[in-house]
Structure formats: structure tokens, C-alpha cells
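The values are calculated or read from the model by the stated rules, or taken from the named source; none is laboratory data. Please read all numbers here as calculations on a predicted model, not as lab measurements. Note: ideal-geometry Cβ built from the backbone for every residue, glycine included; neighbour counts use all protein chains shown. Heavy atoms of the whole protein, side chains included, go into the accessibility calculation; ligands, DNA and RNA do not. Shrake-Rupley method; radii C 1.70, N 1.55, O 1.52, S 1.80 Å.
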Amino acid sequence: MKYIITFILLLFIYALYSQDTIRLKEVVVEDKFEHHLQIYYTDTLRQHYYQNQTLGNFMAYEPGITLKSEGSGGIQGISIRGTQNSHSQINWYGLPVNSSLNGQTDYSLLTVNDNSSIHILYGINSLQYENGGIGGIITLQSLSIDELENKTTAMVNYQSLKNQFYSISNTFKIKNSAITNTLSYSSGKNYFRFMNEALLPQKRSTNEALFSTINYFNQWLWKNKKNKISLFTNIFTNDRDIPPLMTSYYMSEHKETQADKGFRSILLFQHDFKKIQFKQLYGFSFSYMDYQLYHSIQNTDVTIINSNANEHIVYIATEATYSFTNRLRSQTKINWQQDLGQYQNLKEGTGFYKTRNQFSLNQSLIQNWNNQFKQSVIIHIYNYQKDISCLPALISTYFITPHISISHSIGINQHIPSLNDMFFLPGGNAELKPEQAFQTELTFKFNKNEHFVAQLNPYYQQIKNWIMWTPSSFGYWQATNIREIQLYGYTANITFKFNINPSIELYSNINYTYSKAKGNDGYYTILHNPYIPTHQINFTTQVQWKKLQWYIESQGFSTRYTMTYIDDYYLLPYQIWNTDISYTLGKKCTWHFTFGLKNIFNVSYQSIIWRPMPGRHIDVSIKITLP
Amino acid sequence: MKKIFWILFLGLLFFSCRKEDKTNLPTISSDGFYIINEGNYTWGNSSLSYFDEQKQTIENDVFYKANHAPIGDVAMDMKIIHNKGFITINNSGLIYVVEPSTAKYVATIGSLISPRYILPVNDSLAYVSDLYSPYISVINTYRYQTIGHIFTGKSTESMIKDEHQIFVTSWSFNNKIYIIDELQQRVTDSITVGLQPNSITLDRENNIWVLCDGGYSGNPVGHEKSSIWKINAATHQVIESFYFPNINYAARSLVMNSSADTLYYIYHDVYKMSIYDSILPQQSFIEAHQSNFYSVWIHPLKPWLLLTDAKNYTSNGTVFLYHIHGNLLGKYDAGIIPRAFCKQ
């Protein structure tokens, strides 16, 4: 059945391609003089579809990105182009929010909304912001006041996995300012049945993992002719049960929980002088995590792990952009970041408390040599312990025709060890060196009347001193700079939008990633990059007919090996399909009804080994929008 | 453009394919032994290998081949009791009972916390030590059920029986040997030894030998040099203790030969020590070179010493077959972290 649907769909799209087209709003065409070059703009239509869902779910369909998810309410991590989760950084309205303790981001704790745009700077292009984003930097940026609309939105969503989601959001504009408040609450059980093939006797088991999340987001924007002030604030709490691995279902009563709480805020001043644009940022984030693992025996709780971690980041940055001429511009950014991390293992009475200061200077020169050729030279200087490193990058873009361009990026990036890598007991290693990457990539881009965009990105990166946690002879795992690896491949991406007739509009995106890894960990040859498929394909299509919308998406993975040096352990290839049908009632005050069917073909799959994922399930929502 | 769409279409078909499961039933001879490959914690990649002593060949993944299911997460130990194989699976919290002649699944003993080692104590009972639970589980080896618990208050590890006494090491963050009276089914005494006693054995003179790894740097209960302790099994008095010279190596896997007069253990290299020696041996018996020796086992019937190399703990390990005098007879690829052996 799925072959037939695939075939019909692709023929349908192919037939449409030969028809006349209209303007494709969702593809943002680059400015002649941008702040940053080689930015990948995520699709705003899909962003709208993923509104209030996790950033992890949204990013999973972008080229070169592989999501590792524990399911609804569970922890999510991503890999960009075969790198680790800690190699991808989140820049939240200007504030770096990766955990200072483990260097990672839990993508389930960030939600997608309509009031921001999401960009990706892959690989070395990320050096335009910060060092460390070897995979890339994902930036969340606010829309301008002019792009925001006065509106109030309320949404209720129910999943047949016994999960529910509620949100209310209001954007209020007065003259030169706009305020947005969004409050969301989700809770559920992530309840589904699955066949547990990991244990004998094999039988149907139940996945049940309670979770609840409260998320409050506020943004305040103000501007006059020469000044802009923005304040962004986010408060969140998340409590979740972590279900047992499929291999541990017959254990005595198992209770594993994680509670996260956090606050982050950033204040941004911007002033435009005649030739200089000046920006000042003050950011702060705080987070607290409590993790516990218990088992019960003879009605007695046996504590296996009882730990907590808290951390804060203080961030101050000054940015100045100076235009020497119409064709040459300088951007300078100086920032200071203080990371404080505390980890306590309450059961064993171990832990650490560390503070680390980082300074960096980022200088770039952007030269538009002519209307066809532009370049950016970046020098990024930063400190790590007592050393100062200087990282260069060069980004060049050449427009062969107004519709065809070739870009090339090359440079050196470094990622410093996290506080856990250095100080966790046992196994932390204070002598770790930064991970160093030589990165280069090409981008071939074609767009036709802004309705059709095709892009091909071959990439190559060589990473040395990659930090691995490897088992030691003392029985614990320890951090070492052991891995030397080459990651290479390409991403291909096609986006198009057509009006079949004045009332039917079709949008589609298909992207494919080919990813390989080669290298060694000391004496051992790397055969596989765990969890990274060689082939990954993502497909989304939306058809809109008057007030009716049909959305379908599919994701396919080739075999994902779970061990680095052995062929024997892998997750089978799979392809899942999701679809939604929605209808909008009303003009000023609108009611938007959506009925979704997820995992249509009831495919049994795992994103992380021995973590079952739900089969076919239903998702319904109602959204009310008031002007 | 047409080509692109066909490539994408064929790509989608490709992703829809599933690999065929090509597994054959394993060949388990009557003359051989099992090798329990521990695998990595939470990765569920433990496995069972079988060594045919006649052909001197190894067959890997025999549990999967026999049952079309993985063995679970961190297989630790296997004992054959009443002609049934009992395998403790640590992080799966269970014991699998298998038919030793086929490796076919027979039963599950579940609801355990973190089972480590199994020791038959009489005709129908066996004790199961546990890493996290402060209890030893008592199982009925005919009914495949947990029938009781013995409170120790701490984690328990390897065990040995002498008459009606069961000596149990408390390895994780502790320095005790607990003595359980089989008849009373409770802890009756304890002995303080070096930090983290991991293995225990009994010699022909009725002395208990205990090997302590000494912990590690940052260990909440401290870090000291590895040590060997000699204890009178009847009086529970420490006769002698021997400390190793280098704190940077952890000693492990203390075993006794079949005549119960010679100890073997791993301290980076493999060492051999008479039970009558008053100092630790200076010369290694088998040098590790690039190997990462993980466990040693003395064949109960043949003059063989089996030694495992866990390599970097995430590759397939190697099993070395040595003559008891130290000459290498063979080298075989096993699963991830080959840990324990069980004679068929």
C-alpha cells in the first residue's frame, strides 16, 4: 500500500512540476548584503505545522539531521552530519543555551512557535557566530515588530497515546512595541502497546511514561528610528518518567524519573549610528535537573541513583557592524561567558562544583566584490584554560546566473570539553584537549522564479581529538581524546510550491542525506558511526484547497548500526508516514480543526535501541485564533 | 528532472526493504563450554558463545541463534544445575534458564534487581548475589522461582560455599566478606578485607582467598592498591594479606586450579601463585602485551587455562586457550567483553 501511495504522490508532484507556478513565499532568498552567509532557512510552513511541538521533532526533517528520541515527553538529541549532540549548538535569540555540564541540548525542552524564525548554520559556517558548533548552530530569532500581528491563539491537542497539550498565546502591538506571551502545558502517559522482542518469553508489553511540561515564553520588542530593545524570557518545568529499556521489562519494580526546571532570559540593545550598527546583549540561563532511579523489592525502595545537577550561564556580548563602503563591511563581536556547573551524586556522596570563564573575539569582513561574487573572512579567537586559539574560516559565494550559485566554505573549528568531560567523578579528565575540526563544504543552489529551489551540499570534515567516553579497567567509563574521524557525504534538498488553480496550492519538500564516516579510535578502526544511517530521506507535502489542508510527511532511514567496530548490531531500515487533514472555519475569528494519523502503516521501529516507539496513533487538535 | 524523481522513488522503495533474518540453529556438542559475553551496560548486546572442545572451534551468538532473541543486557554468570543452564542477566534483572544441549530457552526467573552471580547451595536452592539490592535472592532451581531473600545490607558479588557456610564478597564501595549460614539463611558474621573484594576462592587447606581491586581514583570509599587476602574458613580470621605494588592497575579474576593449590589472577598480566607462597609472584605467568585481559578460568577436567581479552570493551573480544603450563594453544574471536565460562 505504501508503495502505491509513494508512487502516486511522486507522479502527482511530477505532473504538477510542468505546470505554471506562483511565488514561493516560504523560501527566503538571501539579501545582497547579509549579516551572515550560507544560512539555511528552515521552512516557515512546516514551522507553522509544528507549532508548539518540540524543536527536536521539527529539526528531524531537516537535511543532514538525525534525531535520537525516547518518544513523546522523552529526551531528544540530534546529530548534524554525523557529529554528536554536543557538537550542535543552540543560539536562543542570541544566547548560547547548551548545557555547560554535558555540552548538549535536550531538544524536547525547546518548543517551536510562530513568533520566531529558525535557521541552521551547518559546519564551518557556524563560526560566524561561535566556535564549537562542529555539526552546526541552530539559531532561533525573533520576527521583527512589523512581521508580528495582533492575535490571540488558544490550542487544545489530544493524542491517542493518552497525551494532551494546551496552549494560549497572545501578541499585542502598540505603536513601536510588541509583546508576546505564550503559556503551554502538556502532560500524558505516552501509552502504547508493543511486542517486546528483546526478552523471552516474547510478549506484548505496555509503554507508559508519565510526563508533564509547563513552558512560559515572553518577548518584548521595542524600536524607534535608531534604537531597538528586545527582551526574551523563558521559564519551563518538565517532569518525566523514563520507561525501562525493552531488555529490562522483567526487572523488579522500576522507577526512573527526571525533573528539569529552567529559566533563561536575554536583553538586547541595538543602536544604529551612521555607519555603525551597535548591539549589546546580556543573557542569563539557569537550569536544574534531578535524576533518580529506584527499584522495589519486598516493598522496600532500593535507591540505585539519586543525583541532581544545576548550572548557570552568564553571557555578555558586544557586537559592532561597520560599513567601510557599500561593498565592504566589518563585524566584530566580543563576548564573555561564565559557566557554572554543579553535580551531586547524593547516594554515593560524590560530585563537583566548577566555574569556567570563556572569552572570545569574532571578527569578520564581508566583501561583495561585485553583484556576482561575495566573500566573508572570519577570524575567531577564544581562550580554553591557559591557551588562546585562533580559528580561521573563509566563505565564498559566486552567482553564475541570478538563479544559480555556488558557495564554498572552509575553515577550522574547535569544540571545548564540557564540565562533565573534565570533572565528572569517576572518569572526568581535566587534561582533555579541545576537539579540532577541519571543515569544508560546497553548495550548489538553483532557484527558478523563487518557486523551485534545489540545493546540493557535499561536505567533508576531519575531526581530531574527538572526546569519547570509553570503559576503563576500573569498571567505569572515562573521557579521552581518542577518536580521529573523517565525516563526509552530501545533502540534497528540493522545495517547490505551485498553484494548481486559483484555489488549490501545493507545497512540497524532499531532502536526502548521504553520510559516511571513516577513522580510528587508537588501535581500533571505525566501521560505523553509531545511529547515523548512510541514507536518510525526508519528505513533506501540503495541499491546500480553500480552507481544507492535507499534510503528509515521511521519513526513511537505511540500516543504523549501534556499535562502532562491529557489524552484528543494528536497527533495521524503516520508513514512517504521518498525515494530517485540517479545516479552518471563520474569517476574523478562526477555528482550525486538525485530524492526524501518525505512523500510518503501524511500523515497528526504534529511534534508540531498546526504546520502543509508538505504532499507529491519532492526533486531534482545535486551534482558535482571535484578531 | 524526470531522472531525479525516479531516483527518489526508487530510494523510497529501497528504504521499505527489510533484511531477512539469516540465522541457523547452533551446534552444541556434549563436550565443550559456554562463554558468557557481558556486552555493554544498557546496550543490550550480551551474547553467548560455545566452544567445542573436540573440534577446538568457537560458535558465537548461540543464544540468539537458538531462540531468535537477544540474551539481554549485561549477562554475567552461568551455572549448570540439574542439567539446566542458569544465566544471570544483570541489567535485565532476570535469570534465563536454558537447555544446555541446545541453548534453547526454558524459563525466566524475573523480578530481580541487578543479579550478578549464582551459586547452588543444595539440591533445590541457589543464591543469587545482587549489585544494587541489599538482599541475596534465594531461588528454587526446580520451580524456577525466587522463594526468599537474605538481608546483607550491602551489595553482593562473588560467592563460594564451604560446608554450610557461604562466603560472599561485597564488592561495590565496600570491603567486607559476609558469611551466610545455609541452615539459618542469614548473615552470621563478616570479615573486613581490602577495598572492593571482587573474587573469592577456596584452597585445599580450607582457606578462603579473596582478591580486592582497591577501588579507583575518586571512589567515594577511597582508593588503595589491589590486595589478596588469605582467610581461615573455619575461624574467619585473616591469616595474611598481600598488597600489589602499583595503584594504577586493578587486580581481578582470582581462580584456583583443579587441585586447589595454585592461584591465578589478572594484574594487567596473568600471575600464578602457590597457596603456600608468602609473597606475591614477581614474574608474570602470561604477559598481556597489547591485550586487555579481563577474566581467567581453569578448565575443571583438562589442563587448560582460558583467558579473555576485552580489548577496548566495545569490540568483539578474544578468548585465548593456553595449556596450564603457559603455552598458547589457540586464539578465538568471541562476543563483546567475554567474562565468564561454564562447562557443559
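Return the residue satisfying two criteria in turn: it lies in segment B:104-155 and is more than 16 Å from A:His295 (Cα to Cα), within 13 Å of chain A (Cβ to nearest Cβ) and in a loop (DSSP other than H, G, I, E, B), and of such residues it is least open to solvent (accessible area, probe 1.4 Å). Filtering first and then ranking leaves B:Thr152.
Just wondering, is there one or more residues in segment B:190-205 that are closer than 24 Å to B:Ile81 by Cβ, surrounded by fewer than 19 Cβ atoms within 10 Å (Cβ to Cβ) and modelled with pLDDT of 95 or more? Yes, the conditions are met somewhere in segment B:190-205. Pairing residues of segment B:282-295 that are free of Cβ contacts under 8 Å to residues at least 24 places away in the same chain with residues that are surrounded by fewer than 18 Cβ atoms within 10 Å (Cβ to Cβ) and not hydroxyl-bearing (Ser, Thr, Tyr), at Cβ distances under 6 Å and at least 6 apart in sequence or on separate chains, gives B:Ser284/B:Asp269; B:Glu287/B:Asp269; B:Ala288/B:Asp269.
For the criterion of being closer than 30 Å to A:Phe399 by Cα, charged (D, E, K, R) and modelled with pLDDT of 95 or more, A:Lys516 passes. Of the residues A:Ile235, A:Ile168, A:Ile174, A:Ile242, the single one that is in contact with a Ser or Thr (Cβ under 8 Å, 6 or more places away or on another chain) and more than 14 Å from chain B (Cβ to nearest Cβ) is A:Ile168. When segment A:62-86 is filtered for residues that are in contact with a helix residue (DSSP H, G or I) (Cβ under 8 Å, 6 or more places away or on another chain), open to solvent by less than 20 Å² (accessible area, probe 1.4 Å) and part of a loop (DSSP other than H, G, I, E, B), the ones remaining, listed by number, are A:Gly74, A:Arg81. Taking segment B:310-329 as the range and being more than 23 Å from A:Asn529 (Cβ to Cβ), open to solvent by 10 Å² or more (accessible area, probe 1.4 Å) and either among the acidic types (Asp, Glu) or assigned to a strand (DSSP E or B) (or both) as the test, the residues that pass are B:Phe320, B:Tyr322, B:His323, B:Leu328, B:Leu329.
If you take the residues in segment A:607-627 that are of a type in the set (D, E, K, R), part of a strand (DSSP E or B) and away from chain B (no Cβ under 14 Å), which one is nearest to the chain's Cα centre (by Cα)? Step by step, filter segment A:607-627, then rank; the result is A:Asp619.
If you go through segment B:293-305, how many residues are part of a loop (DSSP other than H, G, I, E, B) and in contact with a Phe, Trp or Tyr (Cβ under 8 Å, 6 or more places away or on another chain)? Write out each step before concluding.
Initially, segment B:293-305 is screened for residues part of a loop (DSSP other than H, G, I, E, B), giving B:299-303.
So of that shortlist, the ones also in contact with a Phe, Trp or Tyr (Cβ under 8 Å, 6 or more places away or on another chain) come out as B:299.
Here the count works out to 1.
The residues in segment A:533-560 that are free of Cβ contacts under 8 Å to residues at least 60 places away in the same chain, in a loop (DSSP other than H, G, I, E, B) and within 10 Å of chain B (Cβ to nearest Cβ) can be counted, and the count is 2. For segment A:561-590, the set of residues classified as within 14 Å of chain B (Cβ to nearest Cβ) and open to solvent by 30 Å² or more (accessible area, probe 1.4 Å) consists of A:Tyr561, A:Tyr565, A:Asp567, A:Asp568, A:Tyr569, A:Tyr570, A:Leu572, listed by residue number. Can you name every residue in segment A:142-163 that is free of Cβ contacts under 8 Å to residues at least 60 places away in the same chain and either surrounded by 15 or more Cβ atoms within 10 Å (Cβ to Cβ) or in contact with an Asp or Glu (Cβ under 6 Å, 6 or more places away or on another chain) (or both)? If the condition is that a residue be free of Cβ contacts under 8 Å to residues at least 60 places away in the same chain and either surrounded by 15 or more Cβ atoms within 10 Å (Cβ to Cβ) or in contact with an Asp or Glu (Cβ under 6 Å, 6 or more places away or on another chain) (or both), then A:Leu143, A:Lys162 are the ones that fit.
How many of the residues making up segment A:573-590 are of a type in the set (Phe, Trp, Tyr) and free of Cβ contacts under 8 Å to residues at least 60 places away in the same chain?
2
Please tell me if A:Arg611 is charged (D, E, K, R) and in contact (Cβ under 8 Å) with a residue 60 or more places away in the chain. Answer is yes for this residue.
Scanning segment B:20-73 for residues that are among the β-branched types (Val, Ile, Thr), more than 22 Å from the chain's Cα centre (by Cα) and within 13 Å of chain A (Cβ to nearest Cβ) turns up just one, B:Thr23. Checking every residue in segment B:46-56 against the condition of being open to solvent by 10 Å² or more (accessible area, probe 1.4 Å), modelled with pLDDT of 95 or more and in a strand (DSSP E or B) gives at least one match. Taking the criterion of being open to solvent by less than 40 Å² (accessible area, probe 1.4 Å) and farther than 19 Å from A:Gly489 by Cβ, the only residue of segment A:510-530 that qualifies is A:Asp521.
Within the group A:Lys347, A:Lys354, A:Lys386, which residue is basic (Lys, Arg) and surrounded by fewer than 15 Cβ atoms within 10 Å (Cβ to Cβ)?
Going through A:Lys347, A:Lys354, A:Lys386 in turn, just one is basic (Lys, Arg) and surrounded by fewer than 15 Cβ atoms within 10 Å (Cβ to Cβ): A:Lys386.
With respect to the conditions (1) within 20 Å of A:Ala60 (Cβ to Cβ); (2) open to solvent by less than 30 Å² (accessible area, probe 1.4 Å), A:Tyr490 falls short on a single one, namely (2).
Residues in segment A:591-606 that are touching a Gly at 6+ places or on another chain (Cβ under 8 Å), open to solvent by less than 30 Å² (accessible area, probe 1.4 Å) and more than 10 Å from chain B (Cβ to nearest Cβ): A:Asn599 only. Restricting attention to segment A:119-126, does a residue exist that is open to solvent by less than 10 Å² (accessible area, probe 1.4 Å), part of a strand (DSSP E or B), in contact (Cβ under 8 Å) with a residue 24 or more places away in the chain and on the phi < 0 side of the Ramachandran plot? Looking through segment A:119-126, at least one residue is open to solvent by less than 10 Å² (accessible area, probe 1.4 Å), part of a strand (DSSP E or B), in contact (Cβ under 8 Å) with a residue 24 or more places away in the chain and on the phi < 0 side of the Ramachandran plot. Could we say that A:Thr233 is polar (S, T, N, Q), assigned to a strand (DSSP E or B) and open to solvent by 30 Å² or more (accessible area, probe 1.4 Å) here? When the stated conditions are applied, A:Thr233 does not pass them. Scanning segment B:59-76 for residues that are touching a Phe, Trp or Tyr at 6+ places or on another chain (Cβ under 7 Å), open to solvent by less than 10 Å² (accessible area, probe 1.4 Å) and part of a strand (DSSP E or B) gives a single hit, B:Met76. Would you tally the residues in segment A:258-271 being touching an Asp or Glu at 6+ places or on another chain (Cβ under 9 Å) and open to solvent by 30 Å² or more (accessible area, probe 1.4 Å)? The total comes to 1.
Among the conditions (1) closer than 25 Å to B:Pro245 by Cα; (2) touching a residue at least 40 places away in the same chain (Cβ under 8 Å); (3) among the hydrophobic types (A, V, I, L, M, F, W, C), the only one that B:Leu301 does not satisfy is (1).
Would segment A:201-224 turn up any residue that is part of a strand (DSSP E or B), without any contact (Cβ under 8 Å) to a residue 40 or more places away in the chain and within 14 Å of chain B (Cβ to nearest Cβ)? Among the residues of segment A:201-224, at least one is part of a strand (DSSP E or B), without any contact (Cβ under 8 Å) to a residue 40 or more places away in the chain and within 14 Å of chain B (Cβ to nearest Cβ), which makes the answer yes.
The sole residue among A:Lys274, A:Lys255 that is open to solvent by 50 Å² or more (accessible area, probe 1.4 Å) and assigned to a loop (DSSP other than H, G, I, E, B) is A:Lys274. The number of residues in segment A:87-102 being small (Gly, Ala, Ser) and open to solvent by less than 10 Å² (accessible area, probe 1.4 Å) comes to 2.
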